[in-house]
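See below for the structure under consideration.
The values are calculated or read from the model by the stated rules, or taken from the named source; none is laboratory data. Treat the numbers as computed from the prediction; the structure is a model and nothing was measured. In this analysis, Cβ positions are derived from the backbone assuming ideal geometry, glycine residues included, and neighbour counts consider all displayed protein chains.
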Protein chains: 2
Amino acid sequence: MGLLVEPPLANPRKLLAYLVYMSQNIFNIEHRCSKSKARSGQVTLARGVVNTPIFMPIGTLGSVKSLTNQDLLNLRAEIILGNTYHLWLKPDMEIMQQAGGLHKFGGWKRPILTDSGGFQAFSLSKIRKFTEEGVTFRVPASGQKRFLSPEISMQIQTTLDSDIALVLDECLPAEATFAEASSAMHRTHRWAKRSKTEYERLKKLAGHSNHLFGIPQGAQFSELRKQSAQMIKELDFVGYSIGGVANGGEPEEIMYSQVVAQTEILEDHKPRHLLGVGTPRDIVQMVARGIDMFDCVYPTRNARHGSLVLKNDENSYKIVHISASRYATDFSPINPDSRIPELREYTKAYLCHLFRSKELLAYRLATLQNLEFYIDLMDTIKAKIKSDTFGDWWQTYDRVK
Amino acid sequence: MGLLVEPPLANPRKLLAYLVYMSQNIFNIEHRCSKSKARSGQVTLARGVVNTPIFMPIGTLGSVKSLTNQDLLNLRAEIILGNTYHLWLKPDMEIMQQAGGLHKFGGWKRPILTDSGGFQAFSLSKIRKFTEEGVTFRVPASGQKRFLSPEISMQIQTTLDSDIALVLDECLPAEATFAEASSAMHRTHRWAKRSKTEYERLKKLAGHSNHLFGIPQGAQFSELRKQSAQMIKELDFVGYSIGGVANGGEPEEIMYSQVVAQTEILEDHKPRHLLGVGTPRDIVQMVARGIDMFDCVYPTRNARHGSLVLKNDENSYKIVHISASRYATDFSPINPDSRIPELREYTKAYLCHLFRSKELLAYRLATLQNLEFYIDLMDTIKAKIKSDTFGDWWQTYDRVK
């Protein structure tokens, strides 16, 4: 299961990471921004060290759509995300058990974070019911009835053998009232406790070295946000995934304040993941507020719709709809500065043609471009935190039209 | 346009290729099978030498579906095929002209063969009319009316700047009578002449070093097949693409005899391409009958349907439907002997899951597998011709269930 057995005595840096790991404090903060809450460091997991702030590409069904593992290594991805809900249904847990977990199944050797399945049960199934025991829902494609509880989610994630698992939480529609949000939050705390108990039982049984993150919720109510952070913190997880802020559509200041309400309470020395966020601008804004880990479908899903994220300059990026007429005869490279040879060699006009013709290669090239952009952006952020220039930069970073 | 200007005097092998090229005899036969009509050698084109017998992957719209040019180089593809009909419609010839041809548009630097567009105008458009002047048809997707003549086909292929262009021919439904087939054949000969006249005029204007192949037709009537080969031969093309034998469904002996009726007449020293054929077995059978070049959607299209061609042993291959239940828990590599790392590293169970989940990566992996199989098969064939063991082998080569 990738447990580090021998302390790497000869290498001080590795030894430090090892000691951090063994202490169950998985996060080492190396640099801090003197003008914001941004920090950079390493999250040490059984299958490798993750350098934060980090972006985690989404591999819903155990595959970052259109890419191979080698593509992800070329992009310098350090950790990817898998969706418990989707993998539970396909290939199913019997096959996953036989494969020996998601790493062995898909061949990705670096860390994987899995979510709990709760968000998809909530958002994908029109027919679903939350009770104290768990959530019952119908699978949209098959109509099949399924039941997911904190315990079942932990069992699935243990079978997936992900490096970071998440507790099951109750998700809410954006229009939830204070009373509804409060009730769901309290249930989320009870579920977090049940999740932790089951995960620790299973961890002992399986003998693995993976970790469980807690999820503070609280909808758009800052009082609940604070209360939730406090209660989840008391359960003493090694890290946190802040949930429920990416419902879409809310003004960014509201989203930012929801996050700040919680980062102020959560322990400084534990890694903070923000679920489902966001645009490049969002990410920079959130790093400044003390977030260390991000995941979002934005770069990969937009890629499949021909929407490219391109660096404009050090302070800005732009969105390019590559199938637009203006690109049909733009014979400049997709990205002349790319580390990926294909993005330097193929032209915008060719990619425009591939999208217009629905050629399969289109999706791969666009996905490479968008993920490279995100991963390079995280490298820029890390470098700026290290040199302590992040504080003068982050507020200026934005999209240009 | 890739014209070889300086004779490569220092390198005897290159010099020979150069002289062959300059003599407008593009084919050099190196080895012959003593027990069949099989031969191996090189077709020398402006953009590179093609080692025959060769399989040409199909890049309909200027992209071998799901693959990059680097993938094709890794597969050792030496020449690909583009479809004039499709490229004429998308991206269109104005963009292609601005790009400077198909090589520059798609970045593939090795040779390209383009067909004339006639077969697609015949097979894809339900509304189409052949007259002496050309073929008028409606584009299925848009309903748009288009007219294709021998001259227009040559103009398009000159814009595409393909290394090998094909004359426009009249295609026929499989149930055509002798009278219909005879009439179409005579028109095909008149069109071949018009194609050649126009191609030579354009070649002089453009100053390129590409070549035009003639197409003998004749449907299933061996008398017409012989007559057509004779008449097309008299037009003195540098090579031939035998047409109309891959209508599908006919017994293989009929297809074989149609080909033999023509290879016996066509000059031995000119390369022979068989349009749209075929299965691995077909290819081996046809090499034994003197065919040098092949193209077929079989490996790439089947790949996208999850149908893999795998080597069984030296004498046989098998077809594997990878999404079948038996592969859901087959954790052996897709192809342990592959030259492509991904085919050794990913398992059949994973590929089964990707196909069942319609994940984009599925199509790329399966396409790599099937094209590698075809290209390796051609290498096996070449080696057996060279060592003169082909004659004892080809009749035994077959698919196993």
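Per-structure values
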read-out	value
Condition check for B:Leu202: touching a residue at least 40 places away in the same chain (Cβ under 8 Å) and either of a type in the set (Phe, Trp, Tyr) or within 15 Å of B:Asn83 (Cα to Cα) (or both)	no
Residues (assigned to a loop (DSSP other than H, G, I, E, B) and not small (Gly, Ala, Ser)) located in segment A:29-62	A:Cys33, A:Lys35, A:Lys37, A:Arg47, A:Pro53, A:Pro57, A:Thr60, A:Leu61
Residue in segment B:174-185 that is closer than 25 Å to B:Ser222 by Cα and among the aromatic types (Phe, Trp, Tyr) present	yes
Residue satisfying all of: in segment A:339-359; surrounded by fewer than 19 Cβ atoms within 10 Å (Cβ to Cβ) and touching a Leu at 6+ places or on another chain (Cβ under 9 Å); nearest to B:Leu67 (Cα to Cα) among these	A:Ile340
Boolean, B:Ile156 is out of contact with any helix residue (DSSP H, G or I) (no Cβ under 7 Å at 6 or more places or on another chain), among the aliphatic types (A, V, I, L, M) and at pLDDT 95 or above	no
Conditions (1) in a strand (DSSP E or B); (2) at the interface with chain A (Cβ under 9 Å from one of its Cβ atoms): number failed by B:Val309	(2)
Residue match in segment B:84-95 (condition: more than 22 Å from B:Ser142 (Cβ to Cβ) and either more than 12 Å from chain A (Cβ to nearest Cβ) or part of a helix (DSSP H, G or I) (or both))	no
So B:Arg289, is it more than 13 Å from chain A (Cβ to nearest Cβ) and closer than 23 Å to B:Ile164 by Cβ	yes
Qualifying residue in segment A:363-375 (condition: outside the structural domain of A:Gly243 (by TED's automatic domain parsing), without any contact (Cβ under 8 Å) to a residue 24 or more places away in the chain and surrounded by fewer than 23 Cβ atoms within 10 Å (Cβ to Cβ))	no
Condition met for A:Arg301 (basic (Lys, Arg), within 21 Å of A:Asn28 (Cα to Cα) and free of Cβ contacts under 8 Å to residues at least 40 places away in the same chain)	no
Condition check for A:Gly134: touching a Ser or Thr at 6+ places or on another chain (Cβ under 6 Å) and not hydroxyl-bearing (Ser, Thr, Tyr)	yes
Test: residue in segment B:54-75 that is of a type in the set (S, T, N, Q), buried (at least 23 other Cβ atoms within 10 Å of the Cβ), within 13 Å of chain A (Cβ to nearest Cβ) and over 11 Å from the mean Cα position of the chain (by Cα)	yes
Residue match in segment A:301-324 (condition: more than 18 Å from the chain's Cα centre (by Cα), surrounded by fewer than 18 Cβ atoms within 10 Å (Cβ to Cβ) and not assigned by TED's automatic domain parsing to the domain that holds A:Asp376)	no
Residues located in segment A:96-140, provided they are within 14 Å of chain B (Cβ to nearest Cβ), touching a Gly at 6+ places or on another chain (Cβ under 7 Å) and not hydrophobic (A, V, I, L, M, F, W, C)	A:Gly106
Top-ranked residue of segment A:312-356 - restricted to ones that are in a loop (DSSP other than H, G, I, E, B) and β-branched (Val, Ile, Thr), ranked as nearest to the other protein chains (Cβ to nearest Cβ)	A:Thr329
Top-ranked residue of segment B:146-205 - restricted to ones that are of a type in the set (Phe, Trp, Tyr) and touching a strand residue (DSSP E or B) at 6+ places or on another chain (Cβ under 7 Å), ranked as nearest to B:Lys90 (Cα to Cα)	B:Phe147
Members of segment A:103-154 that are in a helix (DSSP H, G or I) and either farther than 27 Å from A:Asn51 by Cα or among the small types (Gly, Ala, Ser) (or both)	A:Gly106, A:Gly118, A:Gln120, A:Ala121, A:Phe122, A:Ser123, A:Leu124, A:Pro150, A:Glu151, A:Ile152, A:Ser153
Residue selected from segment A:357-375 under the condition assigned to a helix (DSSP H, G or I) and among the hydroxyl-bearing types (Ser, Thr, Tyr), by the criterion nearest to the other protein chains (Cβ to nearest Cβ)	A:Tyr363
